[in-house]
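The values are calculated or read from the model by the stated rules, or taken from the named source; none is laboratory data. Computed from a prediction, not measured in an experiment: that's the story for all the values here. Cβ coordinates were reconstructed from backbone atoms using ideal geometry, including for glycine residues, and neighbour counts include every protein chain displayed.
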Amino acid sequence: MVPPVHFTERVTMTDSTDAGPVLAADGTPLKKKLAQALFVSRARAFGLVLPLLAFILVSFIIPILSLMVQGVKNDTYSANMPASTEIMKGWDGISEPTEKMFAALVLDLIKAREEKSIGRVATRVNREVSGTRSMFTKAARKAGKLEAPFMAAMLNIDEDWGNIEVWGAMKVSSQTYSAAFYAAAVDADYNADGSFERLDEKDRIYVYLFIKTLLVSLAVTLACLALGYPVAWLLASLPMRTSNLLMILVLLPFWTSLLVRTTAWIAMLQSHGVLNNVFVWLGITTDETRFSLIYNMTGTIIAMTHILLPFMILPLYSVMKGISPAYLRAAKSLGATNWTAFWRVYFPATIPGIGAGGLLVFILAIGYYITPALVGGQDGQLISNFIAYHMQKSLNWSLAAALGGILLVIVLAIYWLYDKVVGIDNMKMG
Amino acid sequence: MSQKSLQDAFVAFDHVQKSYDGEILVVKDLNLQISKGEFVTMLGPSGSGKTTCLMMLAGFEVATHGDILLKGQPINNTPPHKRGIGMVFQNYALFPHMTVGENLSFPLEVRKIGKSEREEKVRLVLDMVQMGDFAYRRPAQLSGGQQQRIALARALVFDAELVLMDEPLGALDKQLRERMQYEIKHLHEQLGITVVYVTHDQSEALTMSDRVAVFDDGVIQQLAKPDDLYERPENAFVAQFIGENNKLEGIIRAQEGDNVIVDLDGGMTARALAVNCGAVGDRTMLSVRPERVALTGDGSNSTDALVQELIYLGDHIRCRMTVSGHNDFIVKVPNASGHKHLVVGENTKVSWQTEDCRALDA
Ligand SMILES: Nc1ncnc2c1ncn2[C@@H]1O[C@H](COP(=O)(O)OP(=O)(O)OP(=O)(O)O)[C@@H](O)[C@H]1O
Ligand SMILES: [Mg+2]
């Protein structure tokens, strides 16, 4: 005997397969009803994150994208010198410039002078071959009165116009999209024929700066680790009340302005500052041979270590807090000395914290700007200071963008490497 | 305690006191001697100082006063890693970043034992706990019971003569717990190790131990074999703590040899074995086990009882009655053929033998 309940069940089941889709109570198909309900809840959730999303888009994604574009795009020349830009496309960059090219150049020069854009164009070309700026301004002043044949006329103004290098620089400048700035950012020359060439030893700056920035970041990270590890351990193992007090001391820097902290270091480290006075007083050094602790690399490393220290301590602390004291006890009961127990059992358990703290400090250090600018002096400047220089002083935004782009790639590469070696899911922030 | 017996004992606590904060004594004057090969369990309610004692023995806590001796030598100043005591922790404390095999070879590595010997020992101990196939697993990939076995194996792999276990089965379900009890007991006998075991589960203590130390309030209330503990409790705490107990309070009227005559508060007069009671005129607590009470009028102590509640438990029937003014008097009626059928509200007679009724401290 089949109980009646089964019967009704069977009936509804046949209903749903034979007589079309299952209907909700009000007659609309169930699937549609469900999709509607889900859509409303999704839309509400989306509405909640929308302000943040918009903010990130405007303040983060768009600037980064435009930065990436800036690094390869520069239309200063092509927008203002259309005729020569056009004719330059057909030129191979090696053969002698022709009369036609000179004619186009003169046409452009006249136009640029009228539109008052000649200064910018000249600056652009000058970045490729220095010393060409005055050639352009001078030629533009006289261009209106020149008569054909233009080649001879131009050479008459300045015989450097016959120099193939100048024309190569113009060809490179005329490319709206070019690798010239990225090449410059890694100390290379981008030639008119599309080839790259490393700069002379004495002219190289940026590769060395990148390496220096990485090394300084590494040094700061290691210093933070060496100083932060014991502190984090203390924080995690002391009784609650004492550790809370200590935690406030660790967090204190966060409540003080970065600028104030950096200037405090100036007062501390300068040659007649607190530290040097103490050294002299202690007889470690004499009044004449005071240590130069600031306005150099030493100052940069000391101040950056101090400022970034909490970023190391906090992730370490949160990881250490989660390590049960039973592990250390177990290790000791198994015969391990204090050191072995620490090294074989406790330390491996803190690696996620070291990874998180190290990555955080390293990546923050790579892009650090204000501290090196204030206490770094001549040789304590890092890559970000040069990016700022090109943004604010030399106004070579494309180079700044290229340098920034390379920095971004380095950070992503480090992140990727970290993920490969340690694994990003192993990271614990707190 | 004679100096001689302290020297002879494998483990000895000699007037040990412990205070964490300088105000409260968590362990008060602990004296305990454990012979080689013995399985001694510390049993007691939460906070009674069991873990503290174990930690002092292992070397993670320092005794505030008194000596702890291992093989006749005071070990108060020996650091934990030199004591050579195996330990199983409540949450196993297996090192999560090492495989099972690495966990097991850790104590051998720190003892500078060669690789081949290490592998051999690890293999043997894994086989011993029937976990031979698990050497390459991480602790997180094991079930609770398997982790427990590995923790046990790790405490045994370096041939420790003394193994301490702090509620090692606390996290396991009942069935697994019972199986592990049996296995631990088996390993204890097979290896001849000395075990100090901590639990608050009395059936675990009774089934596994050679002797049980019942702790309360930092004092050992009774140290005895399991059957003595159950059948011959020496004070009211032990009688109440171990197994089920009927207590009847009253005043001692007279003493006759080993027995005392007690006037119970409910009016009845009972005869009991004088175990730990005061003199005539003092208050005492009589203890009778529920299974030693008979539903007959004869016997040396017999009184009226009113049936309050009956609970059918299959092999026996638990019967709650009012006896001598106490309405939580329990009688276990075996479900034997032809046993007496009681009804709630019925008046009946209960009786017990004098030797089953112990007069203890009030
Ligand atoms: N590190 C410590 N600092 C201060 N007091 C402690 C410390 N450890 C334990 N105590 C106190 O000592 C007393 C005994 O604790 P212990 O851990 O020995 O009890 P236990 O018998 O093992 O209890 P449980 O069965 O709950 O594990 C408790 O009152 C506890 O609060
Ligand atoms: Mg405990």
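What's the number of the only condition in (1) crowded, with 18+ Cβ neighbours inside 10 Å; (2) not in a strand (DSSP E or B) that residue B:331 fails to meet?
Evaluating residue B:331 over (1) crowded, with 18+ Cβ neighbours inside 10 Å; (2) not in a strand (DSSP E or B) leaves (2) as the failure.
Could you grab me the full set of residues in the range B:66-90 that are away from chain A (no Cβ under 14 Å) and among the polar types (S, T, N, Q)?
Hits for the range B:66-90 are B:73, B:76, B:77.
Can you tell me which residues in the range B:49-72 are crowded, with 16+ Cβ neighbours inside 10 Å and away from ligand 2 (no atom under 16 Å from the Cβ)?
B:59, B:63, B:66, B:68, B:69, B:70
What number of residues within the range A:319-350 are within 24 Å of residue A:420 (Cα to Cα) and out of contact with any His (no Cβ under 8 Å at 6 or more places or on another chain)?
Total meeting the criteria: 8.
Does residue B:214 fit the bill of being within 13 Å of ligand 1 (Cβ to nearest atom), more than 14 Å from chain A (Cβ to nearest Cβ) and either touching a strand residue (DSSP E or B) at 6+ places or on another chain (Cβ under 7 Å) or part of a helix (DSSP H, G or I) (or both)? So that I can check it myself, show each step before the final result.
Working: within 13 Å of ligand 1 (Cβ to nearest atom): yes; more than 14 Å from chain A (Cβ to nearest Cβ): yes; either touching a strand residue (DSSP E or B) at 6+ places or on another chain (Cβ under 7 Å) or part of a helix (DSSP H, G or I) (or both): yes.
Judged against the criteria, residue B:214 is a match.
Run residue B:46 past the list (1) away from ligand 2 (no atom under 16 Å from the Cβ); (2) under 28 Å from the mean Cα position of the chain (by Cα) and report the number of the one that doesn't hold.
Answer for residue B:46: the failing condition is (1).
Considering each residue of the range B:287-324, count those that are surrounded by fewer than 14 Cβ atoms within 10 Å (Cβ to Cβ), in contact with a strand residue (DSSP E or B) (Cβ under 8 Å, 6 or more places away or on another chain) and part of a loop (DSSP other than H, G, I, E, B), and give that number.
Looking only at that region, the number is 4.
So, in the range B:319-362, exactly how many residues are under 19 Å from residue B:240 (Cα atoms), in contact (Cβ under 8 Å) with a residue 24 or more places away in the chain and of a type in the set (Lys, Arg)?
2
Wholly within the range A:249-332, which helices (runs of 4 or more DSSP H) include no fewer than the required count, namely at least 2 residues that are in contact with a Ser or Thr (Cβ under 6 Å, 6 or more places away or on another chain)?
In the range A:249-332, A:297-321 are the helices (runs of 4 or more DSSP H) which contain 2 or more residues that are in contact with a Ser or Thr (Cβ under 6 Å, 6 or more places away or on another chain).
Do you know which residues across the range B:97-120 are more than 7 Å from chain A (Cβ to nearest Cβ) and in contact with a Phe, Trp or Tyr (Cβ under 9 Å, 6 or more places away or on another chain)?
Selection gives B:98, B:99, B:100, B:101, B:102, B:103, B:108, B:113.
The conditions are (1) farther than 30 Å from residue B:166 by Cβ; (2) surrounded by fewer than 17 Cβ atoms within 10 Å (Cβ to Cβ); (3) within 14 Å of chain B (Cβ to nearest Cβ), and residue A:272 fails exactly one of them. Which is it?
(3)
Go through the residues of the range B:116-131 one by one and say whether even a single one is outside any helix (DSSP H, G or I), of a type in the set (Gly, Ala, Ser), out of contact with any Cys (no Cβ under 6 Å at 6 or more places or on another chain) and in the same structural domain as residue B:93 (by TED's automatic domain parsing).
no
Quick check on the range B:162-179. Is at least one of its residues within 13 Å of chain A (Cβ to nearest Cβ), away from ligand 1 (no atom under 16 Å from the Cβ) and within 24 Å of residue A:336 (Cβ to Cβ)?
Scanning the range B:162-179 turns up at least one residue that is within 13 Å of chain A (Cβ to nearest Cβ), away from ligand 1 (no atom under 16 Å from the Cβ) and within 24 Å of residue A:336 (Cβ to Cβ).
Of the residues in the range B:14-65, how many are more than 22 Å from residue B:208 (Cβ to Cβ), near ligand 1 (Cβ under 8 Å from one of its atoms), within 14 Å of chain A (Cβ to nearest Cβ) and without any contact (Cβ under 8 Å) to a residue 40 or more places away in the chain?
2
Do you know which of the residues in the range B:67-94 that are within 16 Å of ligand 1 (Cβ to nearest atom) and not hydrophobic (A, V, I, L, M, F, W, C) is nearest to residue B:139 (Cα to Cα)?
Among those that are within 16 Å of ligand 1 (Cβ to nearest atom) and not hydrophobic (A, V, I, L, M, F, W, C), it is B:92.
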